[in-house]
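J.: This is the structure I want to talk about, given as C-alpha cells.
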C-alpha cells in the first residue's frame, strides 16, 4: 500500500487503478486493486486531500450490455464521495474521454491489454487534472 498523498487519482471498477501524487503534483506511487474493500483501505492509508475520479456514464449503446449489472463502479464512486465528505476532502469527477489528452500530456502509450490499463488510466487522469489546474507545467513529467 502507498503512503500518504495529497492527490489520489482513481479509475474505479471491479479492478480499480490508482495513482498518488504529492502536493506539488509529483507522482508517488501507482497500482491496481480488485474489489471494493481494498479501495476503502486505500483511502484510509493514503488520506488524500483531493480525489480525482473517473466518472461513470451509462451510454445508451452500452445499456443492454449492463443489464443485470450490480454497477460496481457506481458503488465505488459513491463510497469515495461519502469518504471524502466525512474527511472534508475534495472529489473531482472527470469524464472518461479526458484520458486521451492525459496520455498525450503524460507522454505515455495506452496499455496493450485492458487488464493492465487501470493503473495507467488513473495516472493519466491525475496528470490531466494536475496540468489543467496549473499544478504541473506541460511536459513537466514523462513516465513510460
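Where a number appears in this text, it was derived from the coordinates with a stated rule and is not lab data. Quick caveat, the model's predicted, so the values are computed rather than measured. Heads up, the Cβs are rebuilt from the backbone with ideal geometry, glycines too, and the neighbour counts pull from every protein chain shown.
J.: Can you list the equivalent-ellipsoid semi-axes of region 73-144, largest first and in whole Å, using the square root of 5 times each Cα gyration tensor eigenvalue?
T.: With the √(5λ) rule applied to region 73-144, the semi-axes are 23, 17, 9 Å.
J.: Along Cα→Cβ, 7 Å out, is where each label goes; now give me the distance between the ones at residue 87 and residue 26 in nm to one decimal.
T.: In this crude label model, residue 87 to residue 26 measures out at 2.1 nm.
J.: Mind ranking 125-133, 36-44 by how tightly packed they are, going by the mean number of other C-beta atoms within 10 angstrom, highest first? Could you put the intermediate results ahead of the total?
T.: Numbers: 125-133: 22.6, 36-44: 15.7.
Peptide ranking by packing, descending: 125-133, 36-44.
J.: Another one. When only C-alpha pairs under 8 Å and at least 6 residues apart count, what is the relative contact order of the chain, in percent? Please list the in-between numbers first.
T.: Details: 246 pairs, mean separation 43.1, N = 144.
Dividing the mean separation by the residue count of the chain yields 30 percent.
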